[in-house]
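Derivation of every value follows stated rules applied to the coordinates shown; laboratory data play no part. For clarity, every value in this text was computed on a predicted model and none was experimentally measured. With ideal geometry, Cβ positions are generated from the backbone for all residues, glycine too; neighbour counts draw on all protein chains shown.
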Amino acid sequence: MSKQGNSVYLTPEPGRYKKRVTDAIVNGVPFEFRNITGKNRQVEQEFSDAKIKDKASNVFMNIDSDIEIHEVRRRIVMVLNRHPDYTGKIVVSFQGKNTYFWDTGSFR
């Protein structure tokens, strides 16, 4: 994201018990980072895990496998349908080449 001209600040891990913080601040907005290297199911699992920290968190997913864009969207919809209270932005990059910017509202 910083290569695309964004200001990225990685947040330190907290020392407090059960205190969860996002992975980074991008242009002043908190983001949770996820790297997907496996199968289709991993998209669903990682997106869901990112949202556990904060229902309104923004999520950046780097897809480093041969998962297609329509499958990524389908898996995100599956999670959002189970959790209608999840909000925020979603940024998906496919092997660092194609980057898509979505909002959870566009899936509903």
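Below, the figures for the structure above:
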item	result
The stretch 51-69 residues near the modelled residue 97 label - backbone nitrogen below 20 Å, point 7 Å along Cα→Cβ	61-69
Sites residue 56 and residue 2, calculated FRET efficiency, Cβ-Cβ separation with R0 25 Å, nearest 0.05	0.60
Length-normalised contact order for the chain - Cα pairs under 8 Å, 6+ apart - percent	20 percent
Taking only Cα atoms of the chain, radius of gyration then Dmax in Å	13.5, 39
Within the stretch 33-108, GluC sites (Glu not before Pro) in DSSP loop having at most 14 other beta-carbon neighbours inside 10 Å	68
Restricting the stretch 25-79 to trypsin sites (Lys or Arg not before Pro) in coil, as DSSP defines it, with at most 14 other Cβ within 10 Å	39, 55
Counting DSSP beta bridges with both ends in the chain, the antiparallel % (nearest 5)	50 percent
The chain: calculated mean residue ellipticity at 222 nm from DSSP helix runs of at least 4, using -39500 (n - 2.57)	-8500 deg cm²/dmol
Estimated distance in nm for a label pair at residue 85 and residue 66, the labels positioned 7 Å out from Cα along Cα-to-Cβ	4.0 nm
Percent of alpha-carbon pairs separated by more than 15 Å within the stretch 15-75	52 percent
